[in-house]
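**Student:** Before anything else, here's the structure in question.
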């Protein structure tokens, strides 16, 4: 650590040439220790410790291990208030800066969360606080990662009006700062697309995961008394026809299935369109006065229907 000389050595007309040169040398030394004033210093962790002499530091794991913990940064060469900027020297050798491990030069991190430097574009800015003999986090920069940095305003990173569209994924770190993130991305669109999120709270279901549907996801019952059932509306129907008609399913969807509670108390005549596949005996049965439960399965073209015995 260079100690800045008294200003009088540079401004006093009576200063000797030797003192003036000493003052300039001290000023040069202080400036070169500041962020960006000199090249990056490559350091290797030794028993959880590094001892930097510069402000820009690239950290490597001890013995080129796949991962290593950095617990302490020696303040020997840095005065109170000094800033240092850290990054990992190699993404394949992950450096985890530990929160308050104890001892001189320990690191106090925001939210008491360790900082995982698993990419050379991720950096950590620290400020030395001599009163606690510790380094205090100023900010983290995620470099090429499309994450929202701690403390950043979302409106400045993601434009609400879409005037600055994102070209990469949104990456979420989660509550644990580690090597695992969740990316929200899109397939390259071939036309303008709109996905509308509902005005409700809940959890998104993934098509690749086996689901156990809770009440809000179970099909509601739609009353439809004309014997024509629109599969884009729901999957379960109740029907009390007052006039005859053809049993019809519209907006066919492969894999769609459900039930129709048919109350033919009026004994109306019921037929079936060609895309409603129902056994002749079942069709004859629902023409009789009674209440029936129709189960159907749709293959995208036809609806295949079975019929229960009458409940009334």
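**Student:** For the stretch 41-141, what does the relative contact order come out to in percent, with C-alpha contacts under 8 Å and a separation of six or more? Provide the component values of the computation, followed by the final result.
**Tutor:** Numbers: 270 pairs, mean separation 24.7, N = 101.
Over the stretch 41-141, the number comes to 24 percent.
**Student:** Can you give me the distance in nm between label points at residue 139 and residue 269, each placed 7 Å from the Cα along the Cα-to-Cβ direction?
**Tutor:** Computed distance between label sites residue 139 and residue 269 equals 8.0 nm.
**Student:** Next question. Mind checking the full-extension length gain between residue 21 and residue 121? Use 0.36 nm per residue of separation minus the Cα-Cα distance, one decimal, nm.
**Tutor:** Values: separation 100, 0.36 × 100 = 36.00 nm, distance 3.94 nm.
Taking residue 21 through residue 121 to full extension adds about 32.1 nm, to one decimal.
**Student:** Over the stretch 220-312, how many percent of alpha carbon pairs lie in each 10 Å bin up to the one with the longest distance?
**Tutor:** 18, 57, 24, 1
**Student:** In vacuum, with every alpha carbon of the stretch 41-141 counted as one equal point scatterer, what does the Debye formula give for log10 I(q)/I(0) at q = 0.13, 0.18, 0.22 Å⁻¹? Two decimals, please.
**Tutor:** Log10 I(q)/I(0), no solvent term: -0.36, -0.72, -1.13.
**Student:** Let me ask something additional. Within 10 Å, count the other beta carbons around each residue, average over each peptide in 16-22, 200-206, and list them highest first.
**Tutor:** On the way: 16-22: 12.0, 200-206: 7.1.
Listed from highest to lowest mean packing, they are 16-22, 200-206.
**Student:** Once both labels are modelled 7 Å past Cα along the beta-carbon direction, what's the residue 230-residue 44 spacing in nm?
**Tutor:** Going by the 7 Å Cα→Cβ label model, 7.2 nm.
**Student:** Here is a follow-up. Mind ordering 273-285, 252-264 by average Cβ neighbours within 10 Å, highest first? Let's see the in-between values first.
**Tutor:** On the way: 273-285: 14.2, 252-264: 16.6.
The packing order, highest mean first, is 252-264, 273-285.
Computed from the coordinates by the stated procedures, all read-outs in this text should not be read as laboratory data. Keep in mind that this is a model prediction, so the values were computed, not measured. For neighbour counting, all protein chains shown are included, and Cβ atoms are generated from backbone atoms with ideal geometry for every residue, glycine included.
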